[in-house]
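Taking it in order: structure first as structure tokens, then the write-up.
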Amino acid sequence: MPKSMFVKPEEVRKSQFIKIKDIPVNQYKSDFPQELEKFGEKKLIQIYYHMLIIREFETMLNSIKIQGSYSGISYNHRGPAHLSIGQEAAAVGQSVYLNVNDFIFGSHRSHGEIIAKCFSAIDQLKEDELLKIMKSYSGGACLKVVEKESKGSIIDLAEDFILYGLLAEIFGRDNGFNKGLGGSMHAFFTPFGSMPNNAIVGGSADISVGSALFKRINQKPGMVICNIGDASMGCGPVWEALTLASMDQYHTLWDKKMGGAPPIMFNFFDNFYGMGGQTSGETMGYNILARVGAGVNPKNLHAERIDGYNPLAVADAIERKKKILLAGEGPVLLDTITYRISGHSPSDASSYRTKEEIAAWQKVDCIKEYEDYLKKNNILVSDKVKDFKGRVKQKITKALKLASSLEISPRVESDFIEKVMFSNQQKDKMEDGIPEVLIPKKENSRVVSINFKSRFGLDKKGKPLPKVKVFSYRDAIFEAMLYRFYEDPTMVAYGEENRDWGGAFGVYRGLTEALPYHRLFNTSISEGAIIGSGVGYALSGGRAVVELMYCDFIGRAGDELFNQVPKWQSMSAGKLSMPLLVKVSVGNKYGAQHSQDWSALVAHIPGLKVMFPATPYDAKGMLNLALRGTDPVIFFESQKLYDIGEHFVSKGVPEDYYEVPEGEPVIRRKGEDITIITIGATLYPAIEAANELEKKYNVSTEVIDLRFINPLNYKTLVESVKKTGKVLIVSDACERASFSHTVASNISQFVFDYLDAPIAVIGSRNWITPAAEMETLFFPQKEWIIDAIHERLYPLAGYQVKTNQSMTEQIRRNKFGV
Ligand SMILES: Cc1ncc(C[n+]2csc(CCOP(=O)(O)OP(=O)(O)O)c2C)c(N)n1
Ligand SMILES: [Mg+2]
């Protein structure tokens, strides 16, 4: 809690009632003369036309999925198609008042939203702007295909471009918006403000908040809409996103000039169903979804239920809410009721609803009702309707013809995916500009105190210097953070206790005095949204450092870490980059839920870079490397190391900027007989073991600190093993399925012929972490390393084991799962 805000007992203990304001439900009143004046005839007709396009696009896909053909063209689409037949008015009405700078994120059911947003942009942009976008997108490949077939205007061409690009994406083709790597549920087209759509229910919520934070913090124009379904209101990350988006601090603590809260609208396309679960009445308790707004902030999130079967009611709401958002008074919640006539997916037999219910909604079909409305008011005539329908059918048929042909629309080369797993760029700053800071670096109190510290951690006799005198691992991280904050104007850091507290474990102490609130802030205890919003911030163009405090809290941000952070660069075929650093700290002393090294979990996920420095030199050099890159990095720290000084680089930790070469393990101690590979803090017991082996048994041990988990160059390891033939790998992670086993398995395969014995893996016991006083039973100790070497690799003359590290014991432990 900032000291500037006083929690007054007499205030908070006062007796009172919370008054909740009314939440409007379907308050829009149709008034044609007014609507005509407001939208103009052309726009009113465009709305109709855009709805028809979406309906036909989805009808075509339905026909392809169910019958294998449409309009005489046969095609077998093996992938998904979550259709939005019935929901067109909600999508088209939404985009009427959005421009290219306004972003929409969506769900698995977003073909309609993509088309609506892009067609609206086409109507707004000038012809030369449209051409420029189409010519530059994927080197003009998509344009070349549609150009051949299009004889109409630039607008006509741009419409074909969108329909073809989207369909090619759905069919997994090189000319798709994301070269077919996104597919139906993840298609998007950023030049028109159509941002990533997410196959994880509610997945877009926190990402959208991050994108809105990017706009607010970097003073970018426009707003952000998060389109999600009514059932996603049951998802934890959605609640976390609502919380993060409505933190008081945007008004109480952030500089007024920033403009208030992030401009985010949570728009729930409320079709009353999840897949088969009925939200209101069965799986949720909100009765009317908009009610939820009342629970989040005193403004009820400006919540409203609106009639998403009337495109003009939707457009009206967006126009009103946009003003609120741009004025920094958001967030906004919209409960946009709609109905999907189509099944959840083409295989859905609609066993959970009656034919009568579907028929009742078909009777008030949003396109038919709107068509009748325009006809009644003499804006549309039957002949024109026929023309439109003919044109629409022709356009969709053309898109299908082009996208279904493997000759016209091939797939990407087989090695393409590998090329886009990482962006691998180096950028000092994500955008030009002067970073906003509060004081010159040299005036920072921590910088001043660091000046009095020794940048090497050992005295002349090789003994560690007292902690207060030494430049520590913690200081190293601080220096790298401070450096990049003063270089990259887009860089922000946030998480729990990031500001006044000094960051988890005091690592950020000194940053608060250096940075304004909008660059360094505390968040709600919302691990999912902390990481997810980091994804949105990074893919919108900024650099973010987000923090999980303890590694154990990875579980709370599972989807974000496993599905969102790693995948958007490659699912966008490299069109998005992800300069996002996730800091996680491996604990000890705090027992079973605060002491786990889960490096293996993230090592398993393609698309993440994973680093684990064990020394101050590496902590600074690796963080420097990560903070100049454009890829997502999971940066492990160990609480056993925060106070430690530099023991290995005798010149100490440089004051100047430097980077550690990516993926390269480092030899900490040279040796000839045995190789010990360490991950994280086990470097230190390994060095102790190596010293003892040398001194007492004349065994020469090479100790290699892995420091990188992914990417990882095996060259140094392989060379060492070729020399010694004996390997032990040790880390603080529980032994079973640890990353050490991956390294062991790889080395065994790479240099099997050189090995004298099977590789020994030592990890923490496959237990809960016990109390601090009992931790030596759990974490690998020097003795375990020597015992394992004696038992499995290199019998030591006259040695008596202290623990049982034998193979028989390993077999026993496995048998009992411990
Ligand atoms: C986290 C997660 N859980 C479950 C699913 C499977 N699933 C896909 S769509 C869906 C229903 C979503 O309902 P809603 O959010 O209302 O969107 P709608 O499908 O109605 O558009 C479910 C359960 C998923 N994709 N992600
Ligand atoms: Mg739904």
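Considering the conditions (1) open to solvent by less than 80 Å² (accessible area, probe 1.4 Å); (2) part of a loop (DSSP other than H, G, I, E, B); (3) β-branched (Val, Ile, Thr), Ile434 is excluded by exactly one of them, (1).
Ser138: more than 16 Å from ligand 1 (Cβ to nearest atom) and on the phi > 0 side of the Ramachandran plot, yes or no? In short, yes. In segment 791-818, the residues that are open to solvent by 30 Å² or more (accessible area, probe 1.4 Å) reach residues that are aromatic (Phe, Trp, Tyr) with C-beta atoms within less than 8 angstrom, at least six apart or across chains, in these pairs: Ala797/Tyr697; Thr803/Trp784; Val818/Trp767. Of everything in segment 286-305, what is of a type outside the set (A, V, I, L, M) and within 16 Å of ligand 2 (Cβ to nearest atom)? Give them in sequence order. Answer for segment 286-305, where residues must be of a type outside the set (A, V, I, L, M) and within 16 Å of ligand 2 (Cβ to nearest atom): Tyr286, Asn287, Arg305. Can you tell me which residue in segment 256-295 is nearest to ligand 1 (Cβ to nearest atom), limited to those that are under 27 Å from the mean Cα position of the chain (by Cα) and within 30 Å of Leu438 (Cα to Cα)? So, considering only residues that are under 27 Å from the mean Cα position of the chain (by Cα) and within 30 Å of Leu438 (Cα to Cα), the one nearest to ligand 1 (Cβ to nearest atom) is Ile264. Inside segment 260-285, residues that are crowded, with 17+ Cβ neighbours inside 10 Å and either assigned to a strand (DSSP E or B) or within 16 Å of ligand 2 (Cβ to nearest atom) (or both) make up a count of 13.
The residue of segment 204-245 that is farthest from ligand 2 (Cβ to nearest atom), among those that are in contact with a His (Cβ under 9 Å, 6 or more places away or on another chain) and of a type in the set (A, V, I, L, M, F, W, C), is Ile217. Name the helices (runs of 4 or more DSSP H) wholly within segment 329-406 that hold at least 2 residues that are open to solvent by less than 70 Å² (accessible area, probe 1.4 Å) and either aromatic (Phe, Trp, Tyr) or within 16 Å of ligand 1 (Cβ to nearest atom) (or both)? In segment 329-406, the matching helices (runs of 4 or more DSSP H) lie at 355-363, 366-376.
Each row is one residue, and each column tells you yes or no for (1) surrounded by fewer than 24 Cβ atoms within 10 Å (Cβ to Cβ); (2) modelled with pLDDT of 95 or more.
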{"residue": "Asn444", "(1), (2)": "yes, yes"}
{"residue": "Ser449", "(1), (2)": "yes, yes"}
{"residue": "Phe456", "(1), (2)": "yes, yes"}
{"residue": "Lys469", "(1), (2)": "yes, yes"}
{"residue": "Ala504", "(1), (2)": "yes, no"}
{"residue": "Tyr508", "(1), (2)": "no, yes"}
{"residue": "Arg519", "(1), (2)": "yes, yes"}
{"residue": "Tyr537", "(1), (2)": "no, yes"}
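Condition check: open to solvent by 30 Å² or more (accessible area, probe 1.4 Å), under 18 Å from Phe105 (Cβ atoms) and not aromatic (Phe, Trp, Tyr). Does Lys256 satisfy that? Considered against the rule, which asks whether it is open to solvent by 30 Å² or more (accessible area, probe 1.4 Å), under 18 Å from Phe105 (Cβ atoms) and not aromatic (Phe, Trp, Tyr), Lys256 comes out as no. Checking Arg305, Arg320 one by one, the residue that is more than 28 Å from the chain's Cα centre (by Cα), modelled with pLDDT of 95 or more, open to solvent by 10 Å² or more (accessible area, probe 1.4 Å) and more than 16 Å from ligand 1 (Cβ to nearest atom) is Arg320 and no other. Reported count of residues in segment 61-85, each being within 16 Å of ligand 1 (Cβ to nearest atom), in a loop (DSSP other than H, G, I, E, B) and closer than 22 Å to Ile367 by Cα, is 5.
Residues checked against (1) under 19 Å from the mean Cα position of the chain (by Cα); (2) more than 18 Å from Ile530 (Cα to Cα); (3) open to solvent by 10 Å² or more (accessible area, probe 1.4 Å):
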site: Pro191; (1), (2), (3): no, yes, yes
site: Ser194; (1), (2), (3): yes, yes, no
site: Gly210; (1), (2), (3): yes, no, no
site: Pro237; (1), (2), (3): yes, no, yes
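Note on segment 775-784: residues that are out of contact with any strand residue (DSSP E or B) (no Cβ under 6 Å at 6 or more places or on another chain), surrounded by 16 or more Cβ atoms within 10 Å (Cβ to Cβ) and not charged (D, E, K, R) amount to 1.
The values are calculated or read from the model by the stated rules, or taken from the named source; none is laboratory data. Predicted model only: the values in this text are computed from it and were never measured. We place every Cβ from the backbone using ideal geometry, glycine too, and count neighbours over all the protein chains shown. Note: accessible area is taken over every heavy atom of the protein model, side chains too, but ligands, DNA and RNA are not part of it. Shrake-Rupley method; radii C 1.70, N 1.55, O 1.52, S 1.80 Å.
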